[in-house]
Every structure is written in C-alpha cells, then in structure tokens.
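Please see the structure below; I have some questions.
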2 protein chains.
Amino acid sequence: MCHHQGMTDATTPRARAREQTMRDLVRIGRVHLATSGAAGLSLRAVARDIGVVSSAVYRYVESRDELLTLLVIDGYDELGDAVDAALASVDATDFAGRLVAIGRAVRSWALSEPATYALLFGSPVPGYHAPSDRTTGPGTRVITRLVQVWEDAWTAGAIGLGDGDVSPRRLSRDLARMRQDQGLTVPDEVISRGLLMWAALFGCVSFEVFGQYGLDTLTQPHDLFEHHLRVLVETVGLGG
Amino acid sequence: MCHHQGMTDATTPRARAREQTMRDLVRIGRVHLATSGAAGLSLRAVARDIGVVSSAVYRYVESRDELLTLLVIDGYDELGDAVDAALASVDATDFAGRLVAIGRAVRSWALSEPATYALLFGSPVPGYHAPSDRTTGPGTRVITRLVQVWEDAWTAGAIGLGDGDVSPRRLSRDLARMRQDQGLTVPDEVISRGLLMWAALFGCVSFEVFGQYGLDTLTQPHDLFEHHLRVLVETVGLGG
DNA sequence: CGAGAAAGGAGAGCGGTGCTCTCGTTTCGT
DNA sequence: ACGAAACGAGAGCACCGCTCTCCTTTCTCG
C-alpha cells in the first residue's frame with residue numbers, strides 16, 4: 001500500500017506512534033483520494049477516519065497540500081515499483097518486450113488506481129505546486145526506464161532508425177542537451193520519437209482512465225491498447 | 001469569448017437581462033476557472049464579481065455543477081471553432097496538411113486556455129458527471145474532423161496502409177461497429193491508428209500544458225510538437 | 001388597464017471546509 | 001525528577017455550496 005516511507009527504526013514509543021500515524025495518514029488519504037478526488041480530499045475527513053480531531057493532523061502535516069505531496073510521492077513510487085516488477089521478468093535483450101512491459105504496467109496500474117493516476121498525470125491541482133526536490137526523483141522513474149531501453153537497444157544496434165539530426169536546429173540543440181545530461185548516445189530521431197512514445201503512452205492511458213473514448217463504443221479497450229503499443233514500439237524503430 | 005449560447009432574440013427586457021446575466025456567468029466563470037481551476041471554482045465568488053448575492057445565481061443555474069457544464073460546453077465549442085477555423089485555410093486534398101492543422105489548432109488553443117483545456121481533458125472533476133446529451137455533441141467535434149480526414153484520404157487512395165483486419169477479432173468487431181456507426185469505409189488498421197493519433201495528440205498537448213516535460217529541459221516545445229505531428233501523420237499512412 | 005402570477009434579488013442559516021490559536025496532558029531527554 | 005518538547009482537544013475565523021423565506025419588480029392575460 002504505502003511505499004518507500006523511509007522507515008527509520010523506532011527508537012522510542014512516541015516515534016513509533018508517529019510513524020504509524022504518518023502511514024495511516026497516507027493510507028486513509030489514498031482511500032479518500034479514490035473516493036473524492038484530489039480536489040475533494042478533506043483533511044478533516046481524513047482526521048475523522050483516523051480517529052483524531054482535525055487540528056491534530058497539523059502536528060504531522062503542514063497543510064493539506066503537504067498531504068497531497070505525500071500522496072504524490074507514494075503514487076509515483078507505487079507506479080515505479082509496478083513498472084520495475086513488470087520489467088523483472090523480461091529478457092534484457094528483448095527491447096520491444098521491455099517497452100511493451102512498461103506500457104502494460106503503466107496502464108494496469110492506472111486502471112487500478114485511477115484517482116492516484118489522475119493526481120499524478122491529470123490536471124494540475126490549482127494552487128498546488130509539488131516540491132520538485134521531493135517529487136522529481138520518484139516522478140522520473142518511468143521515463144528513466146524508457147530511456148534506458150532506447151539506449152540499450154541503440155547500443156545493441158537493434159533500432160532501425162537513422163542516426164541523423166533532427167530539424168530544426170533549435171530542437172536538435174534541446175535534444176543534444178538532454179543527451180548530454182542523461183549521458184546517452186542515441187541520436188536525435190530516437191530521443192524525439194521516444195518522447196513521442198512516452199507522451200502517446202500516457203495519452204492512451206489517460207483517454208481510457210478519464211473516459212475520453214466513448215464508453216459504449218469500446219467493449220475491449222485492452223485490445224486496442226495492445227495494438228497501440230505495437231504501433232508505438234514500431235515508431236521508435238523497434239519492430240514489434 | 002462565449003460561443004453558441006443559443007441566442008434567442010430578446011423579446012422582453014427581462015429576457016434580455018437574463019441572457020446578459022447568463023453570458024456574464026460564463027464569462028466570469030471562465031476567469032475564475034483560469035484563476036482557481038475547476039475544483040476551486042466558487043459560485044459565491046462568481047456571484048460577487050457579477051455584483052449579486054450568492055443565492056441569486058441559483059435563479060440562473062441549478063448548481064455549481066451546472067455552471068461547470070456551461071463552461072464545458074463553451075470550451076468544447078471554442079476548441080471546435082478553433083479547429084474549424086484552422087481547417088478553413090487548408091486545401092481539402094492536402095490530407096496531411098489537414099491533420100497537421102487540426103493538431104496545431106488543438107495545441108495552440110490548449111496553451112492559450114490551459115484551465116479550460118484541463119477541465120475538458122484533464123482529471124474528471126470528482127462527483128461531477130457531464131450530462132452527455134448536452135456535451136457529447138460539442139465534445140466530439142475534433143475527433144469528427146479527424147475521422148473525416150482519414151475517410152477522405154482513404155477514399156482518395158492516399159493512405160499507404162493495408163486494408164486488412166486487425167487482430168484480435170474482438171478488436172476488429174469493435175472497430176467494425178464504429179465503422180458502421182459513423183458510416184465509414186476505412187479499414188481496421190486506419191481506424192485503429194487514427195485513434196492512436198488522436199490519443200497521442202492529446203497526450204502530447206497534455207504533457208505540455210500540464211508540465212509533465214521537465215520545464216527546464218525543453219526550451220522550444222513548439223519544435224518538438226511539430227516533429228511529433230510529422231511522425232503521427234506518418235503513422236496513419238500519410239507521408240508527411 | 002389592472003390584478004394575479006411569475007421571476008429576480010437579498011438575507012439568514014445549515015453543515016461543511018482549511019487553518020490558527022490556546023490550553024491542558026503526556027512523553028521525552030537530561 | 002524536572003524542564004522541554006510533542007501531542008490531542010476544542011473554539012474560532014473566513015470561506016464554501018445550497019436552501020429557505022421575504023420582498024420587489026416585471027410580465028401576462030383577462
């Protein structure tokens with residue numbers, strides 16, 4: 001349920017109680033998030049559920065926004081864990097298979113936790129700004145995995161795309177900086193198409209989770225997603 | 001600003017005042033939507049801005065949710081108008097150009113109206129269900145235009161994709177039903193890849209509007225979007 | 001034209017929210 | 001053992017959506 005909470009061993013009973021309360025906060029917070037959404041997440045209601053008066057939770061959490069931050073971090077970590085778990089059972093040289101595994105993991109986690117997915121990838125909560133020093137780490141786990149597959153596939157010579165630059169030069173400069181920051185060797189076209197696959201993957205998942213497809217028109221969204229995954233894997237130059 | 005309000009000619013002063021108040025509601029509502037987001041949209045604050053006490057707005061709008069519905073319809077129509085305006089200046093036989101025009105129109109409208117875009121394509125507002133009889137019409141204008149391009153391009157023989165069915169058969173059945181409902185002749189692969197392009201387009205736009213790309217990593221998001229558009233046009237079999 | 005009906009606005013009020021402050025009580029560190 | 005820190009409870013503030021009542025304005029129709 002809760003992930004990477006940074007369990008410090010409980011020296012004193014009070015410290016142990018505090019950690020338990022923090023865990024309860026995130027746990028009940030997720031329940032309310034699923035019920036009422038990020039906007040309707042009520043600190044008072046969460047307090048009631050953990051059997052404490054509303055003002056008491058401010059001993060643990062600075063504000064409602066910080067509770068949101070805890071839920072964001074917890075969600076990113078759970079998604080990252082799901083992706084890593086799916087990757088564990090795929091042959092490292094099966095690059096297309098690794099991409100497909102990532103895509104399936106993202107989709108199935110999103111469908112099982114739509115409220116948390118909406119918190120992470122839906123409309124930004126108005127007035128709330130996630131503290132990047134705490135969220136970018138867990139928030140970049142998925143794209144990190146995707147990038148690693150492209151890099152591995154490229155160095156293995158498995159990507160059927162040219163190694164030329166991309167136009168215009170402005171874009172090529174942006175991509176070059178990303179390549180340098182991440183220590184990559186993949187060419188422009190792979191980075192660019194990789195970013196497209198990334199955005200498209202979450203576009204497909206968002207459409208499904210947020211109900212943008214007409215609900216009646218699609219009886220088997222899973223099949224459509226699998227087809228889309230195959231096409232997306234092709235677009236990064238990995239024949240599915 | 002406001003679109004397709006169903007202007008009935010004002011017979012009586014009272015009726016005219018009512019229409020003016022309705023327009024003000026949507027207008028001020030959009031301002032507050034941009035400021036506070038869909039969740040923070042306060043009926044009381046809107047009432048204050050139009051110079052009326054909070055209970056008075058219930059003479060015009062059944063609930064806060066109905067005000068949201070008005071904003072949803074207004075937003076869909078504005079987006080649809082933007083797309084149609086962009087299409088007006090494109091040669092009808094330039095199928096790739098029509099797709100690119102639609103994509104650019106969606107992106108630039110979304111960037112200019114991020115709050116309304118978030119209302120339409122972001123996380124669903126918890127507890128709010130758009131009345132489909134009023135929103136599906138304006139809500140399907142973009143996909144309708146996209147579908148029309150694919151159909152036109154297919155009948156003109158401009159799409160370089162096979163006309164075979166898609167696997168598995170469950171998916172093929174879903175696609176066949178869509179083809180029949182919409183009166184289309186395009187084959188499975190075109191419908192499927194078309195839906196992918198649709199979802200991917202909004203995935204790219206959402207990533208940009210919602211700030212999922214690292215803000216510092218991309219200095220020229222426009223260039224990346226143009227590249228993505230070219231690739232997406234290719235994936236539906238229309239050489240860019 | 002004038003009376004009854006309909007519509008609109010103002011205000012009080014209900015229960016809910018996030019958040020702050022104060023006041024005892026409990027627990028910890030020394 | 002004692003001062004300090006942590007904690008829970010409660011009252012209170014300003015805001016929210018929404019309802020109800022009361023009164024004025026406007027329309028409709030005989």
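Report yes if A:Thr235 is facing chain B (nearest Cβ under 10 Å), touching a helix residue (DSSP H, G or I) at 6+ places or on another chain (Cβ under 7 Å) and surrounded by fewer than 16 Cβ atoms within 10 Å (Cβ to Cβ), otherwise no.
No, not satisfied.
Restricting segment A:110-119 to residues that are more than 9 Å from every other protein chain (Cβ to nearest Cβ) and buried (at least 22 other Cβ atoms within 10 Å of the Cβ), which is nearest to A:Trp154 (Cα to Cα)?
Once the filter is applied, the top-ranked residue is A:Ala110.
Do you know which residues across segment A:48-62 are more than 6 Å from DNA strand D (Cβ to nearest atom) and out of contact with any Lys or Arg (no Cβ under 9 Å at 6 or more places or on another chain)?
A:Arg48, A:Asp49, A:Gly51, A:Tyr58, A:Val61, A:Glu62, listed by residue number.
Quick one: would you say B:Thr219 is more than 23 Å from the chain's Cα centre (by Cα) and at the interface with another protein chain (Cβ under 7 Å from one of its Cβ atoms)? Break it down stepwise before answering.
Working: more than 23 Å from the chain's Cα centre (by Cα): yes; at the interface with another protein chain (Cβ under 7 Å from one of its Cβ atoms): yes.
So B:Thr219 passes the test.
Among residues belonging to segment A:121-136 that are touching a helix residue (DSSP H, G or I) at 6+ places or on another chain (Cβ under 8 Å), surrounded by fewer than 23 Cβ atoms within 10 Å (Cβ to Cβ) and within 17 Å of A:Gly80 (Cβ to Cβ), point out the one that is modelled with the lowest pLDDT.
Across segment A:121-136, the extreme among qualifying residues is A:Ala130.
Continuing with the same structure: Take the conditions more than 26 Å from A:Asp84 (Cβ to Cβ), in a helix (DSSP H, G or I) and either among the polar types (S, T, N, Q) or within 12 Å of chain B (Cβ to nearest Cβ) (or both) and apply them to A:Arg179. Does it pass?
It is false that A:Arg179 is more than 26 Å from A:Asp84 (Cβ to Cβ), in a helix (DSSP H, G or I) and either among the polar types (S, T, N, Q) or within 12 Å of chain B (Cβ to nearest Cβ) (or both).
For the condition within 16 Å of DNA strand C (Cβ to nearest atom) and of a type in the set (Gly, Ala, Ser), what is the one hit in B:Ala47, B:Ala88?
After ruling out the rest, the residue left standing is B:Ala47.
Residue-wise test of (1) at pLDDT below 95; (2) among the basic types (Lys, Arg).
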| residue | (1), (2) |
| --- | --- |
| B:Arg14 | yes, yes |
| B:Met22 | no, no |
| B:Arg30 | no, yes |
| B:Gly37 | yes, no |
| B:Arg44 | no, yes |
| B:Val52 | no, no |
| B:Ser55 | no, no |
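I'd like the full set of residues that are within 7 Å of chain A (Cβ to nearest Cβ) and not in a loop (DSSP other than H, G, I, E, B), limited to segment B:182-210.
Result: B:Ser192, B:Arg193, B:Leu195, B:Leu196, B:Ala199, B:Ala200, B:Phe202, B:Gly203, B:Cys204, B:Ser206, B:Phe207.
Filter segment B:31-47 down to the residues that are more than 7 Å from DNA strand D (Cβ to nearest atom) and more than 14 Å from every other protein chain (Cβ to nearest Cβ), then identify the one that is farthest from B:Val209 (Cα to Cα).
Here the answer is B:Ala47.
Further question: Within segment B:63-82, track down each residue that is away from DNA strand D (no atom under 15 Å from the Cβ) and either more than 14 Å from chain A (Cβ to nearest Cβ) or not β-branched (Val, Ile, Thr) (or both).
Result: B:Ile73, B:Asp74, B:Gly75, B:Tyr76, B:Asp77, B:Glu78, B:Leu79, B:Gly80, B:Asp81, B:Ala82.
Could you name every one of the helices (runs of 4 or more DSSP H) located completely within segment A:1-110 that has at least 1 residues being within 20 Å of the chain's Cα centre (by Cα)?
Correct list: A:13-36, A:64-88.
Considering (1) more than 8 Å from chain B (Cβ to nearest Cβ); (2) surrounded by fewer than 15 Cβ atoms within 10 Å (Cβ to Cβ); (3) assigned to a helix (DSSP H, G or I), say which one A:Trp154 fails and leave the rest.
(2)
Quick check: anything in segment B:90-100 in contact (Cβ under 8 Å) with a residue 40 or more places away in the chain, surrounded by 15 or more Cβ atoms within 10 Å (Cβ to Cβ), of a type outside the set (D, E, K, R) and closer than 30 Å to B:Gln20 by Cβ?
Within segment B:90-100 (the criterion being in contact (Cβ under 8 Å) with a residue 40 or more places away in the chain, surrounded by 15 or more Cβ atoms within 10 Å (Cβ to Cβ), of a type outside the set (D, E, K, R) and closer than 30 Å to B:Gln20 by Cβ), the answer is no, since none of the residues qualifies.
The values are calculated or read from the model by the stated rules, or taken from the named source; none is laboratory data. Just so you know, these numbers come straight off a predicted model, no measurement behind them. Every residue, glycine as well, gets a Cβ built from its backbone with ideal geometry; the counts of neighbours run over all protein chains shown.
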